[in-house]
Amino acid sequence: MRKILFIGDSITDCGRLEDPDGLGDGYVKLLHDYLVTSYPSTSFQFINVGVSGNRIVDLQARWKTDVIAHQPDYVSISIGVNDVWRQLDRPDLEQVTPEKFYRIYVELLSKVKDDTDAKILLMEPTIIGEDPNSIGNKMLLDYVQIVHTVAKQFDATVIPTNKAFIHYLQTNPNHTLTTDSVHMNSRGNMLMATTWLRAVEDQLI
């Protein structure tokens with residue numbers, strides 16, 4: 001049995017509470033369906049604990065119950081978009097600076113290393129806006145770099161979703177990946193899933 005836990009914001013959540021399987025209708029569902037049909041002799045358990053609106057401070061608050069308690073074999077983390085987006089649309093909030101983002105990420109991954117045997121999979125935060133040069137996408141770069149920094153510290157696998165999205169937008173300007181600059185349409189979910197598989201599939205089989 002390979003227990004794979006996905007944690008993040010609405011991009012991971014994707015309506016999981018309305019889904020009888022608890023997976024939602026986004027990239028997590030696509031990964032589940034691909035893996036169980038491609039490797040029918042391998043037993044997979046998928047756990048989606050994405051929560052809409054979450055920033056890394058919200059993951060911190062629920063880490064013990066929503067990650068550690070499950071004792072997953074793999075923990076896949078997708079976070080960072082709201083940490084930047086809230087700086088743009090909710091400047092009244094206490095913000096998650098890059099320094100705070102890094103500090104909390106190190107704390108969370110330390111707990112994974114100390115309290116589980118899970119392999120760590122870190123997804124780069126995707127995009128804020130379909131324009132690769134938007135202010136949101138420029139601000140995201142610091143958070144993307146932090147993902148790479150902590151991945152080296154904790155021997156984690158990076159899923160280069162930001163790189164994949166920016167490349168797609170630069171080379172396919174007539175096709176969108178989101179419904180509202182942040183939340184995925186079907187193409188966006190597929191690009192997240194295929195990027196994840198390229199980075200992780202060999203570890204699962």
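Please treat every number below as a calculation from the coordinates, not as lab data. Please read these numbers as outputs of a predicted model, since none were measured by experiment. Cβ placement follows ideal geometry from the backbone for every residue including glycine, while neighbour counts extend to all protein chains displayed.
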Exercise for review: Return the only residue of Tyr39, Tyr27 being more than 16 Å from Ser78 (Cα to Cα) and aromatic (Phe, Trp, Tyr).
Suggested key: Tyr39
Practice item. Enumerate the pairs (first residue in the range 173-188 and closer than 19 Å to Asn54 by Cβ; second residue anywhere and assigned to a loop (DSSP other than H, G, I, E, B) and of a type in the set (Asp, Glu)) with beta-carbon separation below 7 Å, excluding pairs fewer than 6 apart on the same chain, so at least 6 apart or on different chains. Key: Thr178/Glu130; Ser181/Glu130
Review point. Got a sec? Which helices (runs of 4 or more DSSP H) wholly within the range 1-74 have at least 3 residues that are of a type in the set (D, E, K, R)?
Key: 56-66
Study note, to complete from the structure: Of those in the range 79-95 that are assigned to a loop (DSSP other than H, G, I, E, B) and surrounded by fewer than 21 Cβ atoms within 10 Å (Cβ to Cβ), the residue farthest from the chain's Cα centre (by Cα) is Asp92
Review point. Of the residues in the range 122-136, how many are crowded, with 23+ Cβ neighbours inside 10 Å and of a type outside the set (D, E, K, R)?
Key: 6
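Of all residues being hydroxyl-bearing (Ser, Thr, Tyr) and crowded, with 20+ Cβ neighbours inside 10 Å in the range 137-167, which is nearest to the chain's Cα centre (by Cα)? Just the residue, please. Even if it seems obvious, please write down each step before you answer.
Residues of the range 137-167 that are hydroxyl-bearing (Ser, Thr, Tyr), as a first pass: 143, 149, 157, 161.
From the residues that got through so far, the ones that are crowded, with 20+ Cβ neighbours inside 10 Å too are 143, 161.
Details: Tyr143: 13, Thr161: 9 Å.
Per the stated criteria, the residue is Thr161.
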Study note, to complete from the structure: Matching residues in the range 104-158 (part of a helix (DSSP H, G or I) and polar (S, T, N, Q)) number 5
Point to revise | Residue in the range 14-29 that is farthest from Gly188 (Cα to Cα), counting only those that are free of Cβ contacts under 8 Å to residues at least 24 places away in the same chain and aliphatic (A, V, I, L, M) | key: Leu17
Review point. Only one residue in Tyr74, Tyr105 is within 27 Å of Gly136 (Cα to Cα) and surrounded by 17 or more Cβ atoms within 10 Å (Cβ to Cβ). Which one?
Key: Tyr105
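Return the only residue of Met139, Met123 being in contact with a helix residue (DSSP H, G or I) (Cβ under 6 Å, 6 or more places away or on another chain), touching a residue at least 60 places away in the same chain (Cβ under 8 Å) and on the phi < 0 side of the Ramachandran plot. Talk me through it step by step, then tell me what you get.
On the way: Met139 fails: touching a residue at least 60 places away in the same chain (Cβ under 8 Å).
Checking each option against the conditions leaves just Met123.
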Check your understanding: Of all residues in the range 168-181, how many are at negative phi, surrounded by fewer than 19 Cβ atoms within 10 Å (Cβ to Cβ) and assigned to a loop (DSSP other than H, G, I, E, B)?
Key -> 7
